[in-house]
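So the structure is just underneath, and the comments pick up after that.
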Amino acid sequence: MDLRDLFGIEHPIIQAPMAGAQNHLLAAAVCEAGGLGSIPAVMLNAEALDAELTAIKALTDRPYNVNFFCHQTPAADPTAFDAWHRMLAPLFAEFDIDPAGIPAGATRQPFDAAMAAVLERHKPALVSFHFGLPSPELLQRARATGAKIASSATTVAEGLWLQQHDVDLVIAQGLEAGGHRGIFLSEDLTTQLGTFALLPQLVAALDVPVVAAGGIADTGGVAAAQNLGAAGVQLGSAYLLCPESRTNALHRAALKSPQAAHTALTTLFSGRPARGIVNRIMRELGPLPEGVPPFPLAGNAIGALRAQTEKQGLDHCTPLWAGQNVSGCREIPAGQLTRELAAGWRA
């Protein structure tokens, strides 16, 4: 069984949810082309998510995915913030930022009861999670809408855990993937595998369908995933230059430059490891320095720096999320890209 059977779609392709770089326009274009478009909810409140799901329904009646993070937001620690601000002090001084004016709250929201109520109104075909799964009560509310449930696994152990918790499919997120790692059973990055090492191990270990994600950018990658037993593929970076995406001008320029060949996992932008194109802040502080506040509390200080640097046309402090393979990232309509990628999947 592949994604076409599960969701009644034409192509076994999921457009990866990319918070900050897309909205319903990209998702709807992928859906209309026969894939499964995704709406990222992590940077939205319930009202904004309701508006996004209303908007996608106005553009397509085809199945779509809604994605949530399911982290626990830690309490703010003033001592940790002081140390974080001292680390960033040279950049604050250079770009005239007063750290006293930076708020201490969370920049990304976990799945909660208000979000579950939005799902109950809209009933998407798929609800996917990052960082494991939410509480059993919240998970049951999502499942009761009739949606299939998926989550990301970065190791075989995570895949087995997700299967034990009754997900309908597992997304095998390889180390090549752009954006946040879905790692949740451990914080040890040495456990992380490449897509085509992780995928066949998960396929062998699990009874539920497995979707390949990370480093897939063309028909050859799609075919390779199918050959290794995937039920479909999930691609994000390939869609970042599509006209329907909201990738900003600095991010687009970086994706089209030689700079895109060098990505790294970094905790600097949010507090959790995520893959992006290496830029000034990552070079100067190191991508994984000690002292970054826990996810998602690092985001406000970086947001202040990002706002100031971007005003000057600089990507020094901008999270330039991208996977290790941006060779398929082209400025063509998302529907065309979806159909072209689908040609790699044998009938």
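The values are calculated or read from the model by the stated rules, or taken from the named source; none is laboratory data. Quick caveat, the model's predicted, so the values are computed rather than measured. A quick note on method: Cβ atoms are made from the backbone with ideal geometry, for glycine too, and the neighbour counts reach across all protein chains shown. SASA here: full protein model, heavy atoms, side chains in, ligands and nucleic acids out. Shrake-Rupley method; radii C 1.70, N 1.55, O 1.52, S 1.80 Å.
Let me check I've understood the local charge: for GLY35, count other residues with C-beta under 14 angstrom from its C-beta, Lys and Arg +1, Asp and Glu -1. What total comes out?
Net local charge, GLY35 excluded: -2.
Using a Gaussian network for the chain with springs between C-alpha atoms less than 10 Å apart, which of these wobbles most: LEU185, LEU169, LEU126?
Of LEU185, LEU169, LEU126, the most mobile in the Gaussian network model is LEU185.
With a cut-off of 8 Å between alpha carbons and a minimum separation of six or more residues, what is the relative contact order of region 196-347 in percent?
In percent, rounded to a whole number, it is 30.
Taking all protein chains as present, what is the carbon and sulfur share of the accessible area of region 74-190, in % to the nearest whole number, probe 1.4 Å?
Carbon plus sulfur share of accessible area: 55 percent.
Can you tell me the dipole magnitude for region 70-191 around its Cα centre, using point charges on the Cβ only (Lys, Arg +1; Asp, Glu -1), in Debye to the nearest 20?
580
Which angle from 0 to 90°, rounded to the nearest 10, does the C-alpha axis of helix 195-205 make with the longest principal axis of the chain?
Here the helix axis deviates by roughly 50 degrees.
Work out the length of the dipole vector of the chain about its Cα centre, built from +1 on the beta-carbon of each Lys and Arg and -1 on the beta-carbon of each Asp and Glu, and round it to the nearest 20 debye.
In total the dipole reaches around 480 debye.
Residue by residue through region 148-163, which ³J(HN,Hα) values in whole Hz follow from phi under the Karplus form 6.51 cos²θ - 1.76 cosθ + 1.60 (θ = phi - 60°), with glycine and proline marked x?
Couplings: 6, 10, 9, 8, 8, 10, 10, 9, 5, 4, 5, x, 5, 4, 5, 4 Hz.
Using the heavy atoms of the protein chains alone and a 1.4 angstrom probe, what is the accessible area of the chain per residue in square angstrom?
Accessible area per residue: 39 Å².
Based on DSSP, what percent of beta bridges with both residues in the chain are antiparallel, to the nearest 5? Don't skip to the answer; put the middle values down first.
Details: 7 of 36 bridges.
Of those bridges, close to 20 percent are antiparallel.
Mind checking which lysines have their Cα closer than 21 Å to the Cα of LYS123? Skip sequence neighbours fewer than 8 apart in that chain.
Leaving aside lysines fewer than 8 places away in the same chain, those within reach of LYS123 are LYS57, LYS148.
In the neighborhood of PRO293, defined by Cβ-to-Cβ distances under 12 Å, what is the net charge if each Lys or Arg adds +1 and each Asp or Glu adds -1?
-2
Just subtract the alpha-carbon distance of ALA106 and SER135 from 0.36 nm times their residue separation and send over the number in nm, one decimal.
Full extension from ALA106 to SER135 adds 8.5 nm.
Please report the relative contact order for the chain, taking Cα pairs under 8 Å with a sequence separation of at least 6, and give it as a percent rounded to a whole number. Don't jump to the answer; show the numbers that get you there.
Numbers: 739 pairs, mean separation 69.2, N = 347.
About 20 percent, as a whole number.
If packing is taken as the average number of other Cβ atoms within 10 Å across a peptide's residues, how do 20-32, 292-304, 56-68 rank, most packed first?
Per-residue Cβ counts within 10 Å, averaged per peptide and sorted highest first, yield 20-32, 292-304, 56-68.
Take the chain, connect every pair of alpha-carbon atoms lying under 10 Å apart with a spring to form a Gaussian network, then pick out the residue of THR54, THR195, THR266 with the largest mean-square fluctuation.
THR54
Compute the long axis of helix 299-311 from its Cα atoms, compare it with the longest principal axis of the Cα atoms of the chain, and write down the angle in degrees, 0 to 90, nearest 10.
80
Among bridges DSSP assigns within region 177-323, what percent are antiparallel (round to 5)? List each step's numbers first, then the result.
Values: 7 of 10 bridges.
Looking only at bridges with both residues in region 177-323, the antiparallel portion is about 70 percent.
Given +1 on the Cβ of Lys and Arg, -1 on the Cβ of Asp and Glu, and no further charges, what dipole in debye does region 222-293 carry about its Cα centre, rounded to the nearest 20?
In debye, rounded to 20, region 222-293 gives about 140.
If you line up the long axis of helix 46-59 against the longest principal axis of the chain, both from Cα atoms, how many degrees apart are they, to the nearest 10?
Once rounded, the angle reads 40 degrees.
Around MET282, under 14 Å between beta carbons, what's the net of Lys plus Arg minus Asp minus Glu among the other residues?
Numbers: positive: ARG275, ARG280, ARG283, ARG306; negative: GLU284, ASP315.
Every neighbour counted, the sum reads +2.
Taking all protein chains as present, what is the carbon and sulfur share of the accessible area of region 212-307, in % to the nearest whole number, probe 1.4 Å?
Taking all protein chains in place, region 212-307 shows 53 percent carbon and sulfur surface.
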